[in-house]
Every structure is written in C-alpha cells, then in structure tokens.
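See structure below.
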Amino acid sequence: MSYLPFVLAAWIFLVGIFGIVRSRHFIHLVVCLSLTQSSTYVLLLSIGYVKHGGAPIFKDVPLGTKAVDPVVQALTLTDIVVSVTVAALLLALAIQAKKHAKTMNPDELRPVRG
Amino acid sequence: MDVLVPLPVAIPLLTAAALTAFGYWCGRRLDDLIAIVATAATLVISLLLVFRSNDHDLVYWFGGWKPSNGVALGISFTVDPGGAAVATLVATLALAALVFSWRYFDEVGTLFPVLMLVFVGAMCGFALAGDLFNLFVWFELMSVVAYALTGYGVEHAGPLEGAINFAVTNSVGSFCILFGIGFLYARTGALNLAQIGEALAGRHADGLVIVAFTLLVGGFMTKAGAVPFHFWLSDAYAVAPVPVCILLAGVMSDLGLHAIARIYWTGFSGTLTAGDIRPVLIGFGLVTAIMGGFMCFLQRDLKRMLAFATISNIGAVLVGIALLTRSGLASSIVYLNTNGLLRGAAFVAVGILVRRFKSGDELDLRGRGRRAPIAGVVFAAAGLGLALLPPFGPFLANALVVDSADTLGYGWVPPVLALAAVLSAGTILRAAARIFGGLGEAKDPLFSHEPEESQEEPTDTRRVSQPLLWIPAAALALVGLGLVFVPELAGHALRNAGRLVDRSAHARELLHGVPPPPAPAPSYSPSAAAYAYGVASTLGALAFAAFGLYRRRLPIVLRRAAARVADRPVAGLKALHSGVVGDYVAWLTAGIAVLGGAVAVVVR
C-alpha cells in the first residue's frame, strides 16, 4: 500500500491550517477551513481503498468480489454534509459581519480582548 | 434492550422538527411551552436511565443489529450511569434555561427553542453513543447548533466574533478527531469503541496508535477548552445569550472530557498504560486549572469571568480523569455534575442582573445588586460551592482526587488544585461582594476592558422580578449543592467507575452480553486531609476575594514589589487572548504537537 495518499492528506491539512492562521479575510478563512476538511476526505477514502476493487454494490456479483470499503465512504459523505453546514453557517456570519461591523477582516472585528 | 434508551435523543429532535414545521403558527408562548415539556420529558427519562443502568450497562443496538462473535456491525447506544447522569445534567440545565428565557427575552423567534432542543438532543446523543463515528456525528451536530446559538445576536460585533472563533477553532478540532478515527479504523477495522479496545489490547502502542490517541484527545480537549485549546471558549461564552451560556458552560465543555475518559478506558487502556499517560494529562489539567483561575481574576465582565471559571473547573475535572484510576474517574463524574449545576446557577444569576440593570459588568454594578437579593444569594452560594466548601459536591469530588493522588505518589497535585479553586471561586466571591454588598473600590485598572455590546440587551427596562427568572437560579443552586446528600453518592460513583475501568469485562458485557460480576458499592468517606483541603481552599477563596476588593489598601512597598513581579506576565497573558482566530488555531496546532510529543516520549 502506498504512503502517498496519507502524505497528501497531511499536506492538505497543514496547508489549510496555514491558510487559516494567516487569513485576513472571512471568505478566505471559510475556504481555507473547507480545504482543511477536504484532507479528511482524502484520508478516509485512501484508508478504504482496495487495489482493483470495484464500487461496494453487491448486487449481481459473485461472492468474494473485491470492493472498496463502504464504511469509510459513508463516513466521507457524512463529513461532506458537515462541511457544507459549517461553511454555510460561517458564510452567513460573514455576511452579518459585513453588514453590521462593516469589516471582513478578523483582525478588525475583535471587541473581546484580554 | 431497553426501549427508553433512544428517547433522550429522539424526543428533543422530533419535537424540534415539529416546532420547525408548525411552530410559526403556534405563537411564542405555546412554542416555549412545548419545548419545556419536551425537555422535562427528556429529563425524567434520562434520570430513569441512571437508575436502570446502575447494575449493568444498557446497550441498545439500533435496528436490532447485535454483534456476532464480538464483531459489531450495528450502531449502539451504551448507557452507563455516568453517561446517563450527563444526559440528565443536559436536560436539567436546558429546562432551567428554557424556563429562564420565558421572561428573559422580549423577542425571540421560533428558532430559538428549536435550536435549544436540537442542542439537547445532540448532547444526549454524544453522552450515550457507543461507537466512535457516532460520537463524531453528535459532536458535530451539537457544535453546529452551538455556533448558531452563540451568534444568535448577530447584529453586534461581539457575538459575531465569538461565534466565528468558536466555529473555526472547533471545526479544526473536529478534523483532528476525524483523522484519529480514520487511523483507528485503519488499524482495527472497527468503529465500536469496545471492539477497538479488544483489537488494540495487549499490543505494543506504535506510532499510529499514539498519533490516533493524540488527535482524539486533542480534538476533545478543544471542545472542553483545556489550555492551550481554550482561547475560543472565553470569547464565545462571553457573548452568547445567557440561556445559551447555561448549557455551554454548564455541560458542553465537560462533554469533551467525558469523551476522553470513555475513549481512554474503553478503547486505549489495553495498549497505553495508565502510568505512562498519567503525567501528560495531569500536566494539561493543572495548567488549565491555574491559567483559568488567573485569567478569571482579571475580568470585570461577569460572563467572561464565569467563562474563565469554567476553564479552571475543566482543568480540575481533567485532573480527576487524568489520574486514570477508579477514584479519579468517579471524582470527575461527581465534579462535572455538581460544578455544571453551580455554574449554570451563577449564569442565571448574571442573567437576572443583565435583565434588571442592563449591565453585566462587575464595576458598573457595584452595590446595585442589593435590589436583587436572590440573585446575590445564588451567586455567592455558587462561589462557595466552587470553593470546595465541605460537605458539598465539588468538595466530595476533590476529596476523591486527594485520596487517590496520595496513593499514586502525586501528593503535590491536590494543593495546586486547591489553589486553582481559590483563584476562580475567590473571584466569583469578589464579584458577589462587590455587586451585592457594595464592597470594594469602584475602579480597578488591572481589569480587562469590558467587551462592547457584549449583551443581547433586553430592550425594555420594566421592573422584572418575576419568579420565572429566579426560580431556575435557585433550583439549579439547590440541586447543585444538594446532590451530595444523595445517599451513597460517592459509593455508587466509585462502583460504576470501576465497571468502566475494567476494560475486558466491560468489552465482554458490550460485545457478548456477558453481565459483569456483581460488585457491591464501596462506602467512602473523605479523609481528614480532604477536609483540610476543603476548609483551606474555602478560607483561601474568601481571603482572595478580600484581596481583590481591597488590593489597593496594601502597603505601597508590597504593591510595588508585586507590580514588578506580576505586571509583565499579566500583560503577556492578556496579549495571548488576542481575539484573532488565526492565533487560536496556531495555538491549537502547537498544543496538539506538544501533546503528541509528550505521549510519544512517555510511551517509548
């Protein structure tokens, strides 16, 4: 089994985190967060990958046919749903920030300190 | 199989769905009433589950997919008294919050009770879930609802910033959890916690297991608000509406710790030995307890003050879990429940002040609280309870830690915990004395600035002293203080902790349906040393409160010396809590790295 997908997942995760840390714009922040989350898709799918395995649909196929792991695919789907929810919520908050606080920069929107 | 098991989740979620569909036509009061009734039903059922699971765990396999030959294909709820007690705490606090918000808000949409109900259902699901991925799903559900509830007052900058920081930091934490789950699944092919535990048991903990453990614990510590994952917490709790704060501070943080305890004992205890992991977790717990207490002292905004008190308490609960003994685990359950109720009560008292005087600022409110005596009594009682006053709940929990730490050779831990209690509870008592007694000075340059527009200010200033505001406060405080008088509370907590700690027997029970050997509840009474710690920390908290009030009457020489020592660290600590989400995520990453490095060093 190749290590490449795991390295790729870790790389995407770290790049995403770097983006969040450096972010100066809410939209940029949300995109970075979604990017970070996509590293989990890569990880989960590569865990369930089976070489030469087909889709995990066990209808009209002989017993013992190779297939990729359906559990991690279900996990990935759930994960995508979560990601969309969080992104939508954050974007809604970003709109409110623009409307009421007149800024899209996390640095300027910080009444709570110390 | 017990039909009651899924109900604490099903009732709130179904009610929330029905309210979303039809609530608009029902009118506000009917909506509120339906939500209150549903929460009360959840409370009763969770309480029943505590008693029913007292002798053996209740395992509910959804759709009847029971495990065969120790392989769990289905999804389960696993109810032990600890988990059911947490669900009960959730429902209790939610009930108080909903009753309180009846009069607290002048105007609140149908969405508010709906979100609160979903929050309750998700937290109950999190407390009862028996497999890792469900834990993750409930975790996400409760997080997303919590972000929305925190940002409920979106027209102000404070709630916006708090909600965004909360959402981004916790999302990163949840990715870490998901990575950990993925690694564990790759290694064991299982998602059920007990089955993971069986697969890992007896093997050497290699890099993959260490990384998975680190990511899971780090992720849940982010939710709990342990240092250095805590920065979002003080921002979010300071700006959320008070009824939401009751739930956030009362129980959501503790849920993360509850998950750490269950994951360690059911999943990892067969491969990572307690002696190795103990110092790492204790370190995180103590730093959290002290740092929370210290930051608490620097606050003048009452909600932010209570948020840091929450962090300090979280540290203490974490130390209980980190002892990785039966007593430690029992202590964490007692601590989490009693402290949660007391913090909830304190938040309700703050809510009464905000509603009445349109301010949540300690200096602003100096002496004005005399006109709200019930809030004052509740606030002070919560402070005294958190100061480990014998014989109340937090004292009992601390006593379990004291007695367990001594036998482990960690005798230096209880004094540090007592110091943390002095710092945080002393600050609460200081605020109580200043607001409700008019004591102390009117200005203090040490305090952090008040966050502007932090409140979702109720618009009308009518005199509101309706019982619906103070009954929840008094009830939470009374239950929180009175819980300790439940007969044999410590004994039952110890016995049930013992069941979780015996991993292989627990796994046999969950996966093969073999009931555990019957164990009598041990009797427990705190030792003299525990009483000494309790009395000392209570007196210390009172003295610290007086110090906070009359600091500037100390001789000038002393004050100058103190300023030389303390000024820089104080300024540094304040600067750390910068309110910028990027910084928080950087700290989170650093925290995970430290945690992972420490675990790797102690295991090798």
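Results, tabulated for the structure shown:
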quantity	calculated
Computed P(r) (all Cα pairs; the range A:61-114; 5 Å bins; percent)	4, 15, 13, 12, 11, 9, 9, 7, 6, 4, 3, 4, 2, 0
Using a Förster distance of 51 Å, the FRET efficiency for B:ALA532-A:THR65 (Cβ separation, nearest 0.05)	0.15
Helix-only [θ]222 nm of chain B, DSSP H runs n ≥ 4, -39500 (n - 2.57) each, per residue, nearest 500	-24000 deg cm²/dmol
Cα coordinate range in chain B, projected on the principal axes (Å, largest first)	69, 63, 48
Cα→Cβ-extended label distance, 7 Å offset, between B:ALA561 and B:ASP55, nm	6.4
Among A:VAL86, A:VAL31, A:VAL61, residue whose mean-square fluctuation peaks in a GNM of chain A (springs only between Cα atoms under 10 Å)	A:VAL61
Lysine pair count for chain B [Cα-Cα under 28 Å; pairs on different chains or 8 or more apart]	8
Size of electric dipole in the protein assembly as shown: Cβ of Lys, Arg +1 and of Asp, Glu -1, about Cα centre, debye, nearest 20	1460
B:ASP444/B:ARG28 FRET efficiency (R0 45 Å; Cβ-Cβ; nearest 0.05)	0.65
Most positive-pole-ward Cα, B:GLY109, B:ALA199, B:VAL244, against dipole of chain B from beta carbon charges	B:VAL244
Cα-based helix-to-principal-axis angle, A:4-22 vs chain A, degrees rounded to 10	10
Tail beyond 18 Å, pair distance distribution of the range B:483-604 (Cα, percent)	79
In nm, spacing of pseudo-spin labels at B:THR20 and B:ALA593 (7 Å Cα→C-beta vector)	4.1
Trypsin sites (Lys or Arg not before Pro) within the range A:10-114, DSSP loop, no more than 14 other Cβ atoms inside 10 Å	A:ARG24, A:LYS51, A:LYS59, A:LYS66, A:LYS102, A:ARG113
Proximal lysines relative to A:LYS59, as straight alpha-carbon distance under 22 Å, when same-chain residues fewer than 8 apart are discounted	A:LYS51
Residue-averaged beta-carbon neighbours from other chains (10 angstrom radius) around B:144-151	3
Cα-centre dipole for the range B:301-365 with unit charges at Cβ (Lys and Arg positive, Asp and Glu negative), debye to 20	200
Residues B:ARG368 and A:ALA10, FRET efficiency given R0 of 60 Å [Cβ-Cβ distance, rounded to 0.05]	0.60
Angle between chain A longest axis and helix A:70-96 axis [Cα atoms, degrees, rounded to 10]	10
Inter-centroid distance (Cα atoms) of the range B:494-516 relative to the range B:78-138, Å	27
Prolate/oblate/rounded label for the protein assembly as shown (Cα gyration tensor, a/c 1.5)	rounded
Cα→Cβ-extended label distance, 7 Å offset, between B:PHE485 and B:PHE62, nm	4.1
Loop-located chymotrypsin sites (Phe, Trp or Tyr not before Pro) in the range B:506-604, at most 14 other Cβ atoms within 10 Å (DSSP)	B:TYR550
Residue (of B:LEU178, B:ALA148, B:ASN165) at the positive-pole extreme of the range B:89-200, dipole from beta-carbon charges	B:LEU178
Pairwise centroid distance, computed over Cα atoms, of the range B:1-26 with the range A:56-74, Å	35
Check: the range B:519-571 dipole with +1 on Lys, Arg Cβ and -1 on Asp, Glu Cβ, in debye	500
Unit charges at the beta carbon, dipole of chain B: most positive-side option, B:GLY369, B:LEU417, B:ALA575	B:GLY369
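Values in this text are rule-based calculations from the coordinates and carry no lab data. All values reported here derive from a predicted model rather than from experimental measurement. Positions of Cβ are generated from backbone atoms using ideal geometry, with glycine treated the same way; all protein chains shown enter the neighbour counts.
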